Amino acid sequence: MANIKKGDLVVVITGRKQDKGGDRGKQGKVLEILAEQNRVIVEGVNYATRHNRVGQTQRGTKTGGIETFEAPIHISNVALVDPSTKKATRVGHRVEEQIKDGKKRTVRVRYAKKSGKDL
């Protein structure tokens with residue numbers, strides 16, 4: 001079971017500090033997970049620019065120019081944010097029994113372990 005999923009709030013735990021132009025300490029929502037490459041795309045983190053060649057569409061509008069987009073970041077460089085303390089935390093799993101539609105099921109539930117020190 002994955003520790004980080006799409007839609008989770010994560011914090012960048014490695015890299016240059018935020019005040020020196022880096023992304024460490026920034027928080028954002030996970031937009032996409034690239035499981036094959038062990039990478040995630042986080043909203044507002046790791047911006048990259050791409051220069052596209054200027055062209056024209058059939059209707060005559062211009063395309064191209066400079067685009068900024070979120071580049072993937074390695075999954076080991078982000079940590080889940082504990083909703084109660086708003087700090088980076090580790091993720092644990094516990095087995096619980098739930099009753100749904102009159103049937104008893106055992107499911108694995110993610111929970112935030114005790115938060116660590118300040119970032």
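Numbers at a glance
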| quantity | calculated |
| --- | --- |
| Hits in region 89-112 - residues which are closer than 20 Å to D8 by Cβ and open to solvent by 100 Å² or more (accessible area, probe 1.4 Å) | R90, R94, R108 |
| Of all residues making up region 53-88, the number that are surrounded by 10 or more Cβ atoms within 10 Å (Cβ to Cβ) and of a type outside the set (A, V, I, L, M) | 15 |
| Any pair with Cβ under 7 angstrom, 6 or more apart, that starts in region 78-98 at a residue that is without any contact (Cβ under 8 Å) to a residue 40 or more places away in the chain and polar (S, T, N, Q) and ends at one that is exposed (fewer than 12 other Cβ atoms within 10 Å of the Cβ) and part of a strand (DSSP E or B) | Q98/R105; Q98/V107 |
| Matching option when the condition is outside any strand (DSSP E or B), over 21 Å from the mean Cα position of the chain (by Cα) and at pLDDT below 90, among G116, G55, G64, G60 | G60 |
| Filter result (surrounded by fewer than 17 Cβ atoms within 10 Å (Cβ to Cβ), out of contact with any Asp or Glu (no Cβ under 8 Å at 6 or more places or on another chain) and within 25 Å of R108 (Cα to Cα)) within region 5-36 | K5, G7, L9, E32, L34, A35, E36 |
| Hits in region 43-52 (condition: part of a strand (DSSP E or B) and either surrounded by 12 or more Cβ atoms within 10 Å (Cβ to Cβ) or not hydrophobic (A, V, I, L, M, F, W, C) (or both)) | Y47, T49, R50, H51, N52 |
| Number of the condition not met by V40 [criteria: (1) open to solvent by less than 60 Å² (accessible area, probe 1.4 Å); (2) assigned to a loop (DSSP other than H, G, I, E, B); (3) β-branched (V, I, T); (4) under 21 Å from A112 (Cα atoms)] | (2) |
| Residue match in region 91-112 (condition: at pLDDT 90 or above, assigned to a strand (DSSP E or B) and among the small types (G, A, S)) | no |
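The values are calculated or read from the model by the stated rules, or taken from the named source; none is laboratory data. Computed from a predicted model, the values in this text were never measured in an experiment. Cβ coordinates were reconstructed from backbone atoms using ideal geometry, including for glycine residues, and neighbour counts include every protein chain displayed. Each accessible area value is taken on the protein alone, full model and side chains, heavy atoms only, with ligands, DNA and RNA left out. Shrake-Rupley method; radii C 1.70, N 1.55, O 1.52, S 1.80 Å.
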